[in-house]
Amino acid sequence: SPRRCDIVVYKNEKPWLLTECKEPDTALDDKTIWQVLNYNMALGATYIVITNGISSFCFYIENGQVYEMEELPEYAI
């Protein structure tokens, strides 16, 4: 099946933040995180967010490493 992203925020015409939105009863587990990381391989966004409307997680990607963040990044112009 074709891959699609729920929300992509662009900055300077490049993908900056990718968000995957799940149903409230969907667990945000390793499978979900890997799904979004896989989507991002094509986009190359710096930040990834996964949410089910109840819980949310944000990750920062740098040099192939993934770091969990405590809060969403600031979109400074």
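The values are calculated or read from the model by the stated rules, or taken from the named source; none is laboratory data. Small disclaimer: the values here were computed from a predicted structure and weren't measured. Every residue, glycine as well, gets a Cβ built from its backbone with ideal geometry; the counts of neighbours run over all protein chains shown. Ligands, DNA and RNA are excluded from the accessible area calculation, which covers all protein heavy atoms including side chains. Shrake-Rupley method; radii C 1.70, N 1.55, O 1.52, S 1.80 Å.
Descriptive notes on the structure:
- When residues in the range 64-77 are screened for being out of contact with any helix residue (DSSP H, G or I) (no Cβ under 9 Å at 6 or more places or on another chain), surrounded by 12 or more Cβ atoms within 10 Å (Cβ to Cβ) and among the β-branched types (Val, Ile, Thr), 0 of them pass.
- Residue match in the range 57-66 (condition: among the charged types (D, E, K, R) and assigned to a loop (DSSP other than H, G, I, E, B)): no
- In the range 54-63, the qualifying residues are those that are open to solvent by 70 Å² or more (accessible area, probe 1.4 Å) and over 11 Å from the mean Cα position of the chain (by Cα), and the one that is nearest to VAL9 (Cα to Cα) is GLU62.
- Pairing residues of the range 9-24 that are farther than 14 Å from ILE54 by Cβ with residues that are of a type in the set (S, T, N, Q) and open to solvent by 50 Å² or more (accessible area, probe 1.4 Å), at Cβ distances under 8 Å and at least 6 apart in sequence or on separate chains, gives GLU20/GLN35.
- Of all residues in the range 4-52, those being surrounded by fewer than 11 Cβ atoms within 10 Å (Cβ to Cβ) and more than 17 Å from TYR75 (Cβ to Cβ) number 12.
- Odd one out for ILE50, checked against (1) over 12 Å from THR19 (Cβ atoms); (2) under 11 Å from the mean Cα position of the chain (by Cα); (3) in a strand (DSSP E or B): (1)
- When residues in the range 1-42 are screened for being of a type in the set (A, V, I, L, M) and assigned to a strand (DSSP E or B), 5 of them pass.
- Number of positions in the range 20-49 that are at pLDDT 95 or above and among the β-branched types (Val, Ile, Thr): 3
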